[in-house]
1. Quick check on this structure: which one of A:Ala69, A:Ala59 is within 14 Å of another protein chain (Cβ to nearest Cβ) and surrounded by fewer than 19 Cβ atoms within 10 Å (Cβ to Cβ)?
2. Can you confirm whether B:Asn60 is among the polar types (S, T, N, Q) and touching a helix residue (DSSP H, G or I) at 6+ places or on another chain (Cβ under 7 Å)?
3. Mind checking which pairs have a first residue in the stretch A:173-186 that is within 23 Å of A:Leu159 (Cβ to Cβ) and a second that is surrounded by fewer than 12 Cβ atoms within 10 Å (Cβ to Cβ), Cβ under 8 Å, 6 or more apart or different chains?
4. Return yes or no: is B:Gln88 in contact with a Pro (Cβ under 6 Å, 6 or more places away or on another chain) and surrounded by fewer than 22 Cβ atoms within 10 Å (Cβ to Cβ)?
5. Can you name the residue in the stretch B:104-117 that is out of contact with any Ser or Thr (no Cβ under 6 Å at 6 or more places or on another chain) and either away from chain C (no Cβ under 11 Å) or part of a loop (DSSP other than H, G, I, E, B) (or both) and is also surrounded by the most Cβ atoms within 10 Å (Cβ to Cβ) among such residues?
6. Of these, A:Asp15, A:Asp96, which one is away from every other protein chain (no Cβ under 14 Å), closer than 27 Å to A:Met213 by Cα and either hydrophobic (A, V, I, L, M, F, W, C) or out of contact with any Asp or Glu (no Cβ under 8 Å at 6 or more places or on another chain) (or both)?
7. Among the candidates A:Asn54, A:Asn89, single out the residue that is among the polar types (S, T, N, Q), in a helix (DSSP H, G or I), under 20 Å from the mean Cα position of the chain (by Cα) and surrounded by 15 or more Cβ atoms within 10 Å (Cβ to Cβ).
8. Among the residues of the stretch C:60-112, which ones are within 14 Å of chain B (Cβ to nearest Cβ) and either of a type outside the set (Lys, Arg) or part of a helix (DSSP H, G or I) (or both)?
Amino acid sequence: MPRELFERKIKQIQDEILLLGSMVEQATLDATAAFKNRDIPTSITLVEEDQMINDKRFAIENAILIQMATQQPLAHDLRLLASMLIVTNELERMGDYAKGIAKNTIRLANREIPTPVRDIEKMAELGVSMLHKALSAFIKEDIKVAVSIPKEDDEVDTLFNKCYQSIVNNMIANSKIIDDSSLLLWIVHDLERFSDRVVNICERTVFIKSGEMLEMSSNDDETE
Amino acid sequence: MKEELSNSTIISAKNLSVSYGSQEAFHGITLDIPRNKIVAIIGPSGCGKSTLIRCFNRMNDLVPSAKVSGDVFYNGQNIYGPNVDAVQVRRQIGMVFQKPNPFPKSIYENISFGAKVNNYQGNMDELVEKSLKQAALWDEVKDDLTKSGLALSGGQQQRLCIARALATEPEVILMDEPASALDPIATLKIEELMQELKEQYTIIIVTHNMQQASRASDLTAFISLDRTRVDDRVGVLVEYDLTEKIFIKPAEKETEDYISGRFG
Amino acid sequence: MNNNHQSDFRENLKNRHTIGKWFYIILLACLLVGLLMLTALIIDLAVEGHAWIRPELFSNYHSRKPEQAGMKSAIIGSLIVMALTGLFSFPLGIGAAIYLEEYAKKNWLTNFINININNLAGVPSIVYGMLGLAVFGRMFGLFSTDSWLVKLLHLKVGEGTLSGLQFNLFGISWLEIHLPFHKSLLAGALTMTLLILPVVIISSREAIRSVPNTIREAAFGLGATKWQVVSKQVVPIAMPGIITGIILSLSRAIGETAPLIIMGAFTYVPFLPKSIWDQFTVMPIQIYNWITLPQTEFRVNLAAAGILVFLAILLTFNAIAVLLRKKLEIKW
């Protein structure tokens with residue numbers, strides 16, 4: 001069998017990426033739940049556990065570099081390995097967003113402020129579901145699924161705009177809560193970026209298969 | 001790709017086929033070699049890569065059973081035309097072979113041989129020095145040009161053969177797996193040399209080494225077995241494009257399979 | 001698991017080594033037998049002949065008195081015949097070899113020629129003697145007084161010992177031509193040329209064939225014509241082998257007696273030949289002559305001395321060939 005060893009190594013790396021993905025998904029959902037419940041102890045644990053995500057990212061990166069050095073990948077194999085490196089980086093940044101939410105929960109402590117909790121929860125659920133589908137499509141190189149996911153990012157963007165407006169309105173109405181409310185802005189911003197990065201993963205999936213770099217930005221202008 | 005080629009073509013093969021007796025080596029190859037570029041020819045063994053480049057300098061004439069059909073144009077002139085002398089073609093299209101094959105003579109005589117047989121009238125010492133410098137060998141041998149060519153190391157011998165080919169002041173240099181008998185350092189020296197030479201010459205290199213083709217060439221031609229002829233081993237041109245394209249995003253699945261090592 | 005397979009190997013070391021030792025002894029014995037016989041022969045010759053290796057052996061002609069007999073004319077005759085033979089066979093042999101190896105198409109005709117050349121190398125030398133006599137010595141009788149050619153062209157032919165046609169080429173005094181060649185050095189040399197020519201061709205072809213094809217390819221690739229490739233690369237590289245082949249052929253020919261006897265090399269030649277048209281004798285014939293004489297001094301001593309001188313010259317030839325080969329050899 002030509003390149004059986006190489007194929008096995010690639011499969012191993014792909015499994016690790018899926019594992020990293022589920023770690024990120026879990027961290028995001030846990031951080032959002034902890035925020036909703038103002039659960040400080042859990043948030044503290046989540047901040048520490050981000051180190052595991054970073055470690056795993058470096059382990060995967062190292063494995064990919066070893067394959068590049070020793071197997072001289074070309075064409076599709078080259079695009080695959082390069083994309084896996086980039087996607088691993090995206091996942092690690094997404095893990096940082098989960099950490100960010102947990103940190104802001106700790107900063108918010110028990111102080112009560114008007115919060116669009118429902119919408120924030122929805123943004124997190126959508127983002128995680130998008131990530132799950134996108135990673136599966138990435139591993140399977142399924143372009144059809146990959147190009148269908150950015151639509152859901154539009155929904156996230158809509159929720160983001162709604163939350164942003166609501167929080168700003170609250171800040172205008174009550175200047176005493178500006179400091180704490182600005183922490184909320186960071187949280188919804190992180191969740192919006194989370195979904196954008198999922199779109200990047202979908203772009204990479206198309207690139208592996210076709211060699212074309214397709215920009216799949218959503219219809220709304222991004223806020224950064 | 002088209003822009004690369006319209007930058008004047010120096011050698012052009014049109015529907016070229018070669019058979020040895022009744023056995024066809026390759027069939028219907030058409031490709032254009034642009035001036036001052038390095039073109040790599042890759043593909044599995046036995047598909048006619050060496051045979052192809054030997055058409056460009058009419059070395060196949062030396063094999064009695066070889067039959068060449070189709071045309072090869074060099075600077076617009078058909079080198080298989082009726083009034084063309086193969087000897088003259090070979091002065092202008094030089095060749096370096098797989099195993100270094102210097103003559104059992106001194107370094108000086110090795111280089112001057114090509115010039116002498118072609119009746120060179122100029123200053124021979126200057127020609128020898130210039131050729132050795134172009135082949136990046138001058139500094140290593142300048143102290144004793146009377147030393148036998150066979151006393152050099154493998155990598156040096158191959159550079160001597162390159163200098164020898166350069167001494168006839170060709171326009172094109174054909175290289176048939178020039179580094180396959182050399183160690184990695186000597187191989188890299190040859191590849192660097194090729195980059196320097198391409199400013200003045202056009203280089204066509206046959207190589208089995210995928211990494212060499214991707215490192216060293218501007219364009220790559222992939223020649224493989226004709227899938228429509230299951231009982232024979234006949235070569236055809238599968239894909240010919242910029243090297244970057246072939247090695248990152250080849251158009252043909254066969255090319256992709258071959259360069260990823262998933263052939264067969 | 002290992003042990004099961006190990007016991008299948010009944011190595012039998014002691015027996016195998018013993019058989020090897022015995023064969024070594026047997027092979028050594030084969031060599032020694034040959035060497036011993038050769039040594040015995042040389043010692044025998046030396047004992048019988050050493051006293052007779054004196055200046056007279058080299059300065060005198062043959063005489064009826066053993067004390068005054070020498071082999072001067074034989075030595076000179078042998079050397080001149082060998083020189084002429086080398087001179088004739090060199091261009092003919094090389095030329096034929098070059099043509100057969102580099103130019104001739106590999107078809108049935110070339111094969112046929114090659115087979116015949118190989119066969120000719122094995123023809124007994126006496127046949128060459130008869131051939132030489134007919135072609136060179138007598139020229140089929142074309143120049144005798146009653147031949148059709150003489151009658152047709154009204155040639156003036158002499159009779160008796162001066163029979164045949166004699167004239168000067170282009171009127172030049174030293175370009176004498178005698179037809180037929182009779183029993184001259186020229187005829188003898190030409191006959192020997194025919195004798196060694198097949199071997200010279202074969203060994204030259206081997207030498208040419210051993211030139212690596214990569215050299216030819218490289219030379220062609222540089223734009224050399226076929227003749228340039230052959231003359232400037234192939235032949236110079238093959239030359240050490242060619243020359244060695246010729247010298248070895250000559251050293252074989254120097255001992256050929258039968259063809260020259262038939263050609264008419266005399267046994268009693270009390271003079272040194274002054275031109276190629278003169279009669280001659282050679283060492284083997286002189287030695288043979290001495291062996292047939294009744295006196296012990298001739299039969300045993302002088303013959304032994306003559307053989308020793310002959311062997312010395314022969315070994316010198318071979319030594320030259322070996323030295324030349326070593327000096328000119330190309331270390332790839």
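1. Being within 14 Å of another protein chain (Cβ to nearest Cβ) and surrounded by fewer than 19 Cβ atoms within 10 Å (Cβ to Cβ) holds for just one of A:Ala69, A:Ala59, which is A:Ala69.
2. The answer is yes for B:Asn60.
3. Correct list of pairs: A:Asp180/A:Arg111.
4. Judged against the criteria, B:Gln88 is not a match.
5. Per the stated criteria, the residue is B:Ile107.
6. A:Asp15
7. A:Asn89
8. Those that are within 14 Å of chain B (Cβ to nearest Cβ) and either of a type outside the set (Lys, Arg) or part of a helix (DSSP H, G or I) (or both): C:Glu102, C:Tyr103, C:Ala104, C:Asn107, C:Thr110.
Every number here is computed from the coordinates shown, using simple stated rules; none is lab data. Every value quoted in this text rests on a predicted model; they were computed, and no experiment measured them. Here the Cβ is made from the backbone with ideal geometry for all residues, glycine too, and neighbour counts use every protein chain on show.
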